[in-house]
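The values are calculated or read from the model by the stated rules, or taken from the named source; none is laboratory data. Source: prediction; values computed, not measured. Using ideal geometry, Cβ is built from the backbone for each residue, glycine included, and neighbour counts are taken over all protein chains shown.
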Amino acid sequence: MTAIIKNIGAKSIVLFEEMGRIAIFSIKGLFHMFSLPLQPSKIIHQINFIGAKSIFIICLTGGFTGMVLGLQGYYTLVKFGSEGMLGAAVALSLIRELGPVLTALMVIGRAGSAIAAEISIMRISEQIDALETMNISSIRFLMGPRFAAAIISFPLLTALFDVIGIFGGYLTGSVLLNIEESVYFHRMESSIVMRDINEGFIKSILFALVVITICCYQGYYTHLKREGHGAQGVRLATTSAVVLSSVLVLVVDYIITSFLLSKP
């Protein structure tokens, strides 16, 4: 019994140490976004990597998500004689929920894993140690631009996902299932308010912080992993970054949704 309690206590201490380290890492990353001198060229490079190079997968995912929503929504609403509400159902589902969440998950798979692997390799090849030896803040040099790029890119990608998804729902509803185009867009326009759009953007910004923090953290501290070092450490860091950031996106989504919906 004593051994069990001791084991639980040891694991709890490790967990709280990890949570504290992540919180401090996130605060430092946010602080160094604005620390002087600014690094506009690095920020633009990361925006290109995180944002611009994710456009194709975001458009593809958004289009098919909207088309599936249109198809499923139509056959659900037609049972109640409310197929005219298809535009509102598709738009609200995308703007408030699916847009921010699926955008974050797609970016995790395409860019987040690469960021974790890149920083992990820099750690095990002692490039980060070399920066610290030259009295250069590795967090400012490496993480600041990535934090700034993620916060800029995620809302823009989310907006693109929403627009493409709404158009995909229009293709399914109006072109394939013969719902009047004017009805589709009129119902959508009359149902969406600015609060819905703001909620989607708030989620996208929070998801950006979660994703970039976890992915950078896993790579930056890959040398502390007990399960393996070297190439195995890179593999573990990349896997942990993708799994943990994906789960936390869903957890944060629930928390933010419950908080925003509880507000009058």
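Return the residues of the stretch 156-181 that are at pLDDT below 90, surrounded by fewer than 24 Cβ atoms within 10 Å (Cβ to Cβ) and small (Gly, Ala, Ser); say none if nothing qualifies.
SER174
Kindly indicate which of LYS28, LYS53 is among the basic types (Lys, Arg), assigned to a helix (DSSP H, G or I), touching a helix residue (DSSP H, G or I) at 6+ places or on another chain (Cβ under 6 Å) and modelled with pLDDT of 80 or more.
LYS28
Within the stretch 55-95, track down each residue that is closer than 25 Å to PHE147 by Cα and surrounded by fewer than 21 Cβ atoms within 10 Å (Cβ to Cβ).
ILE55, PHE56, ILE57, CYS59, THR61, listed by residue number.
Failed condition for LEU38, given (1) under 24 Å from VAL211 (Cα atoms); (2) more than 25 Å from the chain's Cα centre (by Cα); (3) outside any helix (DSSP H, G or I), with all others met?
Evaluating LEU38 over (1) under 24 Å from VAL211 (Cα atoms); (2) more than 25 Å from the chain's Cα centre (by Cα); (3) outside any helix (DSSP H, G or I) leaves (2) as the failure.
Among the residues of the stretch 81-90, is there at least one that is within 23 Å of ASP253 (Cα to Cα), of a type in the set (Gly, Ala, Ser), touching a residue at least 60 places away in the same chain (Cβ under 8 Å) and assigned to a loop (DSSP other than H, G, I, E, B)?
no
For SER153, indicate whether it is crowded, with 16+ Cβ neighbours inside 10 Å and either under 19 Å from the mean Cα position of the chain (by Cα) or farther than 30 Å from GLN232 by Cβ (or both).
When the stated conditions are applied, SER153 passes them.
Going through the stretch 102-121 one residue at a time, which ones are buried (at least 24 other Cβ atoms within 10 Å of the Cβ) and either small (Gly, Ala, Ser) or not in a helix (DSSP H, G or I) (or both)?
Residues satisfying the conditions are ALA104, ALA111, GLY112, ALA116, SER120.
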